[in-house]
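Asker: Sending over a structure as structure tokens; questions will come in a sec.
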Amino acid sequence: MMKTNYVHSDYGKNQALRAHMATQVQENLHNLSNAFEIMNAIGTKIKDDDDLTQRMAWIDVLYNASDDLNSLPVRMAEMITDRVYDYESETAKMPAVPAGEALDYLIDVRDLKQSDLSDVATQSTVSAIISGKRKITLDQVKGFAKFFNVPESMFLG
């Protein structure tokens, strides 16, 4: 009888240990699944807007996981951000804006004067482009793009 109680007692301990191990395995599988999703979010192109929404959620989760900007979660979030940038660059439709409006906007947001662009065009030429009285030349497109460090296409409306 004593032997039976001993085996029965071990069985109860083993059952509790198995239950604990099963819980740990489930948690580890969940963590592994999340890690796989994050690696997929880093390494693959975004397919559609639903995928974009999921990637944005991962970015939030990862940024909120650490205050240290050099931490692994933050670096992973930045890598996912690169995929978002790629997707938006390919899919975002920018409205066509006349060259004069683009030029006026850039001068305004950078708190410049038209005369500050004298290396590209005279103040009167800049004014005429902005007012729509004069078309922008290809050389001016290149010069303004270089001056403002923006794509030339910004002035090709």
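Asker: Per DSSP helix of 4 or more residues, -39500 (n - 2.57); summed, then divided by the residues of the chain. What does that give at 222 nm, rounded to the nearest 500?
Answerer: -23500 deg cm²/dmol
Asker: Let me make sure I get this right: for region 99-155, a, b and c are the square roots of the gyration tensor eigenvalues over alpha carbons, sorted descending. Under 1.5 in a/c it's rounded, otherwise prolate if a/b > b/c, else oblate. Which is it?
Answerer: rounded
Asker: Place +1 on the Cβ of every Lys and Arg and -1 on the Cβ of every Asp and Glu in the chain, take the dipole about the Cα centre, and give the residue among Ser127, Leu32, Leu106 whose Cα lies farthest towards its positive end.
Answerer: Leu32
Asker: Neighbour counts of other C-beta atoms within 10 Å: give me Glu78, Glu27 arranged from fewest to most.
Answerer: Least to most surrounded, the residues fall as Glu27, Glu78.
Asker: Have a look at Gln15, Gln140, Gln26 and tell me which one the Gaussian network model of the chain (Cα, springs below 10 Å) gives the largest fluctuation.
Answerer: In the Gaussian network model the winner is Gln15.
Asker: Taking the Cα atoms only, what angle lies between the long axis of helix 138-148 and the longest principal axis of the chain, rounded to 10 degrees?
Answerer: Once rounded, one gets 50 degrees.
Asker: Still on this structure, please answer the following. Normalised by the residues of region 48-157, what does the relative contact order come to in percent, with Cα pairs under 8 Å and at least six apart?
Answerer: Contact order relative to length: 23 percent.
Asker: Specify the residue with the greatest mean-square fluctuation among Met94, Met79, Met21, computed from a Gaussian network of the chain linking alpha-carbon atoms under 10 Å apart.
Answerer: In the Gaussian network model the winner is Met21.
Asker: Compute, for the chain, the length of the dipole vector about the Cα centre, with Cβ point charges of +1 (Lys, Arg) and -1 (Asp, Glu) only. Units Debye, rounded to 20.
Answerer: 260
Asker: What is the sum of charges around Ala99, taking Lys and Arg as +1, Asp and Glu as -1, for the other residues whose C-beta is under 11 Å from the C-beta of Ala99?
Answerer: Taking every Cβ under 11 Å from that of Ala99, the sum is -1.
Asker: Would you mind ranking Arg83, Arg55, Arg110 by Cβ crowding within 10 Å, fewest neighbours first?
Answerer: Ascending number of Cβ neighbours within 10 Å: Arg110, Arg83, Arg55.
Asker: Same structure, new question: Once the Cα atoms of helix 72-91 and of the chain are each reduced to a long axis, what angle between those two axes, in degrees from 0 to 90 to the nearest 10, is obtained?
Answerer: With rounding to tens, the tilt is 50 degrees.
Asker: Moving on to the next point. Using the alpha-carbon atoms, what tilt in degrees (0 to 90, nearest 10) does helix 99-109 show relative to the longest principal axis of the chain?
Answerer: With both axes taken from Cα atoms, the answer is about 70 degrees.
Asker: Moving on to the next point. Which one, Leu17, Leu138, Val74, projects farthest toward the positive side of the charge dipole computed for the chain from Cβ point charges (K/R +1, D/E -1)?
Answerer: Of Leu17, Leu138, Val74, it is Leu17.
Asker: So, one more: Could you work out the percent of alpha carbon pairs in the chain separated by over 26 Å, rounded to a whole number?
Answerer: 60
Asker: Let me ask something else about it. Using the Cα centre of region 2-91 as the reference point, and only Cβ charges (+1 on K/R, -1 on D/E), how large is the resulting charge dipole? Debye, rounded to the nearest 20.
Answerer: 900
Asker: Which residue, Ala57, Ala92, Ala128, tops the fluctuation ranking in a GNM of the chain built on C-alpha contacts under 10 Å?
Answerer: Taking springs between Cα atoms under 10 Å, the residue moving most is Ala128.
Asker: What percent does the relative contact order of region 2-91 come to when contacts are Cα pairs within less than 8 Å and at least six residues apart?
Answerer: 26
Asker: Under a straight-distance cross-link criterion of Cα-Cα below 21 Å, which lysines are reachable from Lys135, leaving out those fewer than 8 residues away in the same chain?
Answerer: Leaving aside lysines fewer than 8 places away in the same chain, those within reach of Lys135 are Lys113, Lys146.
Asker: Going Cα to Cα from Lys47, which aspartates and glutamates come in below 18 Å? Please leave out same-chain ones fewer than 8 positions away.
Answerer: Glu37, Asp82, Asp86, Glu88, Glu90
Asker: Cross-link partners among lysines for Lys13, C-alpha distance below 23 Å, same-chain residues fewer than 8 apart left out?
Answerer: Straight-line reach from Lys13, under 23 Å: Lys3.
We did not get these values from a lab; they are worked out from the coordinates using the rules stated. Everything quoted here is computed from the prediction, not taken from an experiment. Heads up, the Cβs are rebuilt from the backbone with ideal geometry, glycines too, and the neighbour counts pull from every protein chain shown.
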